[in-house]
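Below you'll find the structure, written out as structure tokens, and then a few comments.
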Amino acid sequence: MLIIGERINTSRKVKNEAVIETAVINRDADFIRSIAQKQIEAGATYIDINAGTLTSGEPEALEWLTRVVQEAVEAPISFDSPNPLALELALKAYDAGKGQPFINSITAETDRFNKVLPFVLEYKAKVIALAIDDSGIQHDPEKRLSVAKALIEKLRAAGVPAGDIYIDPLTFSIGTGSEVVLDMLNIIEKLKNDCPEVHTVAGLSNVSHGLPSRKILNQAMTILALSRGLDAGIIDSNDRYLMALIAATEALLGMDEYCMNYIKMSRAGAFEGL
Ligand code: THG
């Protein structure tokens, strides 16, 4: 699974930890750099950056985060914002030498589609496409699947390569209804079958929003999604147990020939104390 580290997000509020939002407002570059580095050391491939809580200050904050993160790590960035101005400033500051960025995200909503698409094309980015259109968020999974497929068609018609499209089926908290995870897993599986050249991605930590002992739910959620073919996860890569479970599951699903990666991680001490 492609791992997108979720930690640089101003909405994250963790007990006994400095708050990301405060660090961004104070332009505390050392703190942000160390979070980026720790995520990469733990096995993230991409660093997601999200300054959405800053509203009017978001564009400048996302641009600043871009500069700080790319100074700290070699990894490419996932630009997590619905705001075209924030995307524009951040992408302008982005060093393409770090690799193909993710634009997180586009939807099939007319205005957002038209405003975000030019950035996807100009920067040849991978794009996370949320299954949302002008009718809003569909809770019915068949309808959400149709929205996803229509969005794939729109992106393909605009010239985005299928392999750069990552459909996000939307992850709701399991506290909001017993069916929401089953529905989401079915969408992943159907997309895998019907559009095999397109990828899937999900913000898996959403699933535990509002519930206690969130890490356990997030771990179970990640393994379920992986077993249904999810290609990429926006997750907490600094959860060592989660990362160990992902490696074990990939070996068990035949995604890790001769368990090479699993054995390598074990030898490197990644499972010590677990
Ligand atoms: N899809 C896409 N992008 C997304 C999401 C998605 N971006 C934002 C979000 N959802 C994914 N990122 C997070 C980041 C933090 C949390 C959840 C999702 C989170 N953190 C705990 C908190 O704030 O309480 C802290 C957990 C911890 O780190 O210990 O909930 O769905 N495309």
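Where a number appears in this text, it was derived from the coordinates with a stated rule and is not lab data. Note that the coordinates shown come from a computational prediction; the quantities given were computed from them, not determined experimentally. FYI the Cβ positions are ideal-geometry reconstructions off the backbone, even for glycines, and counts take in every protein chain you see.
Nearest 500 deg cm²/dmol is fine: what mean residue ellipticity at 222 nm does the chain get from its DSSP H runs of n ≥ 4 alone, each adding -39,500 (n - 2.57), divided by its residue count?
-14000 deg cm²/dmol
For segment 1-86, max minus min Cα coordinate along each principal axis, in Å, sorted largest first?
The Cα atoms of segment 1-86 stretch 33, 31, 22 Å along their principal axes.
In percent, what relative contact order does segment 1-71 have, based on Cα pairs under 8 Å that are 6 or more apart in sequence?
40 percent
Taking θ = phi - 60°, what integer Hz values does the Karplus form 6.51 cos²θ - 1.76 cosθ + 1.60 yield along segment 199-208, in sequence order, with x for Gly and Pro?
9, 10, 8, 8, x, 5, 6, 4, 4, 9
Rounded to two decimals, what is Rg over Rh for the chain when you use alpha-carbon atoms and the Kirkwood radius?
Numbers: Rg = 18.0 Å, Rh = 19.1 Å.
Here the Rg-to-Rh quotient is 0.94.
Given Cα pairs under 8 Å that are at least 6 residues apart, what percent is the relative contact order of the chain?
In percent, rounded to a whole number, it is 15.
How large is the charge dipole for segment 167-274, taken about the Cα centre, if only the Cβ atoms of Lys, Arg (+1) and Asp, Glu (-1) carry charge, to the nearest 20 debye?
340 debye
Mind listing the phi-derived Karplus ³J(HN,Hα) values for segment 15-32, rounded to whole Hz, using 6.51, -1.76 and 1.60 with θ = phi - 60°, and x for any glycine or proline?
For segment 15-32, the Karplus-derived couplings read 4, 6, 10, 4, 8, 4, 4, 4, 4, 6, 4, 7, 6, 7, 5, 4, 5, 5 Hz, x marking Gly and Pro.
For G99, which sequence-distant residues (separation of 5 or more, or a different chain) have an amide H within less than 5 Å of its own amide H, given hydrogens modelled in the peptide plane?
Under 5 Å from the amide H of G99: no residue qualifies.
Can you list residues from other chains, or at least 5 along the same chain, whose modelled amide H is less than 5 Å from the amide H of A131?
Answer set, sorted by chain and number: D168, L170.
Placing +1 on the Cβ of each Lys and Arg and -1 on the Cβ of each Asp and Glu in the chain, which of Q100, S34, S266 has its Cα farthest towards the positive end of the resulting dipole?
S266
Of A72, L85, A248, whose Cα points farthest to the positive end of the dipole of the chain (charges on the beta-carbon: +1 Lys, Arg; -1 Asp, Glu; origin at the Cα centre)?
Farthest along the dipole direction, towards plus: A248.
Return a whole-number percent for the relative contact order of segment 1-132, with Cα pairs under 8 Å and 6 or more residues apart as the contact set.
This gives 20 percent for segment 1-132.
Out of all DSSP beta bridges in the chain, what portion is antiparallel? Express it as a percent rounded to 5.
In the chain, approximately 5 percent of DSSP beta bridges are antiparallel ones.
Let me know the shape class of segment 124-261, please: from the alpha-carbon gyration tensor, a ≥ b ≥ c as square roots of the eigenvalues, rounded when a/c is under 1.5, otherwise prolate if a/b is greater than b/c, or oblate.
Oblate, because a/c is 1.5 or more while a/b does not exceed b/c.
Hey, got the dipole for segment 22-134? About the Cα centre, +1 on K and R Cβ, -1 on D and E Cβ, debye to the nearest 20?
240 debye
For Y94, Y241, Y46, which order do you get if you count the other beta carbons within 10 Å of each Cβ and list the fewest first? Write down the numbers at each step before the final one.
On the way: Y94 20, Y241 13, Y46 25.
So the residues, fewest neighbours to most, are Y241, Y94, Y46.
5 Å is the cut-off here: which amide hydrogens, built 1.01 Å from N in the peptide plane, fall below it relative to S105, excluding neighbours closer than 5 in sequence?
Here the answer is S81, since their amide H atoms fall under 5 Å of that of S105.
Which of the residue pairs K92/K126; K15/K38; K92/K115; K124/K190; K92/K143 have a Cα-Cα distance greater than 25 Å in the structure shown?
The pairs that break the limit, which is 25 Å between Cα atoms, are K124/K190; K92/K143.
³J(HN,Hα) across segment 222-231 via Karplus (A = 6.51, B = -1.76, C = 1.60, θ = phi - 60°), whole Hz, x for Gly/Pro?
Using θ = phi - 60°, the values come out as 4, 5, 4, 5, 4, 5, 9, x, 4, 8 Hz.
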